[in-house]
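Colleague: Handing you a structure now.
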Amino acid sequence: MKTKLPTKMAMLSISLFLMSHLAIAPAIPKLYALYHGQNPNIGLASVESLVTIPAMMITIFVMLSNLVVATLGKKKTVQLGLVLILLSGIISFLTKQFAVALLCRLLLGVGIGLYNSLSISIISDYYEGDERASMIGFRTATLNIGKALTTFIVGLALLVGVNYTYLVYLLVIPVYVFFSKYVPETSSGSLSLKKATYFNQAVLYLMLITFFVGISYIGATIKIPSLLVNKYHYSSFYVSNLLTILAFSGILIGLVFGQLTKYLKDKTLAAMIFLMGLGNLIFTFATHSAFFILAALLIGASFVGTMSSVFDYIAKHFKKEHNHFVTSLAITAGNIGVILTPVLLTKLPAQFQLEMFIAPFYMTSGFMLVNLILYGLLVKKTSQEKS
């Protein structure tokens with residue numbers, strides 16, 4: 001379907017807030033001073049939960065969004081999610097009560113979760129082929145740009161006052177207006193839940209792939225600092241820059257993802273899984289800075305590439321009415337992997353008395369080998385269904 005540039009930009013703009021729950025992380029020390037000053041019983045861990053607790057609601061409402069879409073339709077569900085995000089920010093700004101702020105962060109997670117998977121499936125309603133792949137890549141790039149933008153704005157808001165950090169969500173207002181004006185309701189509108197749901201072996205394979213990729217990416221993010229600072233004695237500043245490179249490579253791959261799929265087709269998914277495994281494997285033997293930079297580039301780029309490939313695969317091989325549900329399952333599986341990462345990569349190796357710095361990277365490399373096997377099974381299952 002041919003659409004104008006404003007429509008494309010409006011579709012992409014809603015992805016700016018999908019990782020915005022992480023934006024207030026730089027404000028944690030001052031937020032702790034604020035809330036602890038109001039109530040000495042509030043500890044640092046409680047204040048840190050303001051960053052992490054939205055993820056729980058995002059995971060839950062990614063799945064529950066299917067119920068909302070069945071009632072309201074896709075466009076109104078996105079609009080509802082944006083309104084909830086805006087309300088969470090305004091109410092948090094107006095109060096100094098930690099309990100209210102915590103409830104607002106839960107509300108933020110609900111808002112993000114409601115349209116997380118819709119930010120992908122709505123693209124499939126309007127675009128096909130290479131254009132759809134490009135839009136999915138741009139969507140992932142927009143998500144990462146949004147994370148950087150909201151974090152930057154929070155940093156500026158801190159110069160005014162700690163409560164002003166919550167006003168970063170005023171950005172929702174122009175996005176809401178832009179989306180409402182230029183994106184029409186999809187022809188599918190609101191489907192019954194029975195018609196929208198679908199599950200088979202291929203869906204299971206996709207869920208397992210995103211589950212293991214979530215572990216490998218977040219695992220690298222939390223284990224790289226421990227490895228480089230504690231084992232190889234690099235500075236925290238160096239590690240911070242390395243993680244910035246990791247994040248930036250994700251934006252770049254999102255921008256060129258459409259071109260990649262033109263040449264590699266469905267094999268893009270296998271290529272990205274392989275690169276994720278290679279990036280993690282490099283950390284098991286490398287000791288030189290150049291190898292660490294290469295590995296970070298591979299992990300950051302391949303994570304975005306893998307997730308974009310999964311979403312593109314779903315759009316290509318599943319019916320449009322099933323896209324949102326299957327995408328929701330894939331995102332949920334990835335989030336579960338993220339949640340379980342500390343258990344699998346920290347507690348499990350400790351239980352078996354494995355080396356604590358290198359062992360996690362052997363594990364994540366192994367997970368990508370499993371993913372390549374799952375990819376083979378996925379392709380086989382898909383071809384069987386088509387024949």
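Colleague: Out of Phe357, Phe367, report the one residue that is aromatic (Phe, Trp, Tyr), at pLDDT below 95 and within 30 Å of Phe237 (Cα to Cα).
Modeller: Phe357
Colleague: Would a scan of the range 183-192 turn up a residue that is surrounded by 13 or more Cβ atoms within 10 Å (Cβ to Cβ) and in a helix (DSSP H, G or I)?
Modeller: No, that holds for no residue.
Colleague: Give Ile60, Ile28, Ile85, Ile42 a once-over and let me know the one that is crowded, with 17+ Cβ neighbours inside 10 Å, assigned to a helix (DSSP H, G or I) and either within 18 Å of the chain's Cα centre (by Cα) or of a type in the set (A, V, I, L, M) (or both).
Modeller: Ile85
Colleague: Name, by its number, the condition in (1) assigned to a loop (DSSP other than H, G, I, E, B); (2) modelled with pLDDT of 90 or more that does not hold for Tyr205.
Modeller: (1) is the only condition that Tyr205 fails.
Colleague: For the range 152-166, state whether one or more residues are out of contact with any Pro (no Cβ under 9 Å at 6 or more places or on another chain), assigned by TED's automatic domain parsing to the domain that holds His21 and modelled with pLDDT under 90.
Modeller: Checked against the condition, which is being out of contact with any Pro (no Cβ under 9 Å at 6 or more places or on another chain), assigned by TED's automatic domain parsing to the domain that holds His21 and modelled with pLDDT under 90, the range 152-166 yields at least one hit.
Colleague: Still on this structure: Would you call Phe318 assigned by TED's automatic domain parsing to the domain that holds Leu344 and buried (at least 24 other Cβ atoms within 10 Å of the Cβ)?
Modeller: Here the answer is no, as Phe318 does not meet what is asked.
Colleague: Considering each of Asn280, Asn241 in turn, give the residue that is assigned to a helix (DSSP H, G or I), surrounded by fewer than 20 Cβ atoms within 10 Å (Cβ to Cβ) and of a type in the set (S, T, N, Q).
Modeller: Going through Asn280, Asn241 in turn, the sole match is Asn241.
The values are calculated or read from the model by the stated rules, or taken from the named source; none is laboratory data. Being a predicted model, the structure only gives us computed values, none of them experimental. Note that we place each Cβ from the backbone using ideal geometry, even for glycine, and neighbour counts take in every protein chain shown.
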